[in-house]
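Enquirer: Got a structure for you, written out below as structure tokens; questions coming shortly.
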Amino acid sequence: MPVPKRVLDLCCGAGGAAMGLHQAWPEAHIVGMDIEPQPNYPFEFVRRDVTTLTLDDLLDFDFGWASPMCQKHSWSARRWGKTWACQIDFIRNLFEKTTDLRWDMPYVIENVVGAPLHLPFRLCGLMFGLKVIRHRLFEVNWSGYEVPEHPRCSGAIARGEAYTVAGHGAESKSYKYQDWADAMGIDWMTKTELTQAVPPAYAKFIADEYTRVSR
């Protein structure tokens, strides 16, 4: 069955990725989990430390998405020498062990450029007509996907063609909430939540590709 019925969204934040999955699979039941409260998450939410999950907790799901804490691999952490935990290996091992249990769960792990993902591909907002430069890496455990061409994004922010949605606006010409929300394709989050979110277009693309190659 290429279209999942129950989707597990780990380290879900305010639900940018979840909304994209919903757009691709409107009938799927999506459950988000995060260690912090997420009052703006648009689907079912369970507050939980994902590092306490076991295989039994995955039994009811047939697709997994995870956006583990990315601070350890961020530009700011490298610049300032800060130390953060890395959850990527734990989550990958958890997903992969589903094969030993009863099924091979298709999964996606998302993180920033520089994170230790296995054979990742990179997405950017300009690939989807969004006015945001947000490079993110994605690891998936299936093959056959096709990544869109990456338009040249160097200088797009300086030319006023795109924003960077991070911190206090970085080099973007406008720090207004509505500019950021429009650029990301998100209208239900706070400004701070936007800085941590995955544009829904990224997740919808990946979900559509999974559906296509799974037929």
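The values are calculated or read from the model by the stated rules, or taken from the named source; none is laboratory data. Remember, it's a predicted structure, so these values are computed and weren't measured experimentally. So basically every Cβ, Gly included, is an ideal-geometry build from the backbone, and we count neighbours across all protein chains shown.
Enquirer: Would you mind stating whether Pro2 is assigned to a loop (DSSP other than H, G, I, E, B), in contact with a helix residue (DSSP H, G or I) (Cβ under 7 Å, 6 or more places away or on another chain) and loosely packed, with under 14 Cβ neighbours inside 10 Å?
Expert: Working: assigned to a loop (DSSP other than H, G, I, E, B): yes; in contact with a helix residue (DSSP H, G or I) (Cβ under 7 Å, 6 or more places away or on another chain): yes; loosely packed, with under 14 Cβ neighbours inside 10 Å: yes.
So Pro2 fits the description; yes.
Enquirer: Output the residues belonging to region 103-120 that are under 23 Å from Arg215 (Cβ atoms) and out of contact with any helix residue (DSSP H, G or I) (no Cβ under 9 Å at 6 or more places or on another chain).
Expert: Across region 103-120, the qualifying residues are Trp103, Leu119.
Enquirer: Scan region 175-215 for residues that are assigned to a loop (DSSP other than H, G, I, E, B), free of Cβ contacts under 8 Å to residues at least 60 places away in the same chain and not charged (D, E, K, R) and jot them down.
Expert: At the first step, the residues of region 175-215 found to be assigned to a loop (DSSP other than H, G, I, E, B) are 175-176, 185-190, 197-199, 215.
Add one more test, that the residue is free of Cβ contacts under 8 Å to residues at least 60 places away in the same chain, and what stays is 175-176, 185, 187.
Scanning region 175-215 gives Tyr175, Gly185.
Enquirer: From Gly160, Gly144, Gly125, Gly155, which residue is touching a residue at least 60 places away in the same chain (Cβ under 8 Å) and over 18 Å from the mean Cα position of the chain (by Cα)?
Expert: Details: Gly160 fails: touching a residue at least 60 places away in the same chain (Cβ under 8 Å); Gly125 fails: over 18 Å from the mean Cα position of the chain (by Cα); Gly155 fails: touching a residue at least 60 places away in the same chain (Cβ under 8 Å).
From the options Gly160, Gly144, Gly125, Gly155, the qualifying one is Gly144.
Per-residue answers, yes or no, for (1) in contact with a Lys or Arg (Cβ under 7 Å, 6 or more places away or on another chain); (2) of a type in the set (A, V, I, L, M); (3) modelled with pLDDT under 95:
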position	(1), (2), (3)
Gly114	no, no, yes
Leu126	no, yes, no
Glu146	no, no, no
Pro151	no, no, yes
Ile157	no, yes, yes
Val165	yes, yes, yes
Gly169	no, no, yes
Gly185	no, no, no
Met189	no, yes, no
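Enquirer: Mind listing just one residue for me: the one in region 82-125 that is of a type in the set (S, T, N, Q) and within 17 Å of Asp57 (Cβ to Cβ) and, of those, surrounded by the fewest Cβ atoms within 10 Å (Cβ to Cβ)?
Expert: Residue satisfying both the conditions and the ranking: Asn93.
Enquirer: Applying the selection to region 126-139, what residues are in contact with a Cys (Cβ under 8 Å, 6 or more places away or on another chain) and surrounded by fewer than 20 Cβ atoms within 10 Å (Cβ to Cβ)?
Expert: Correct list: His135 only.
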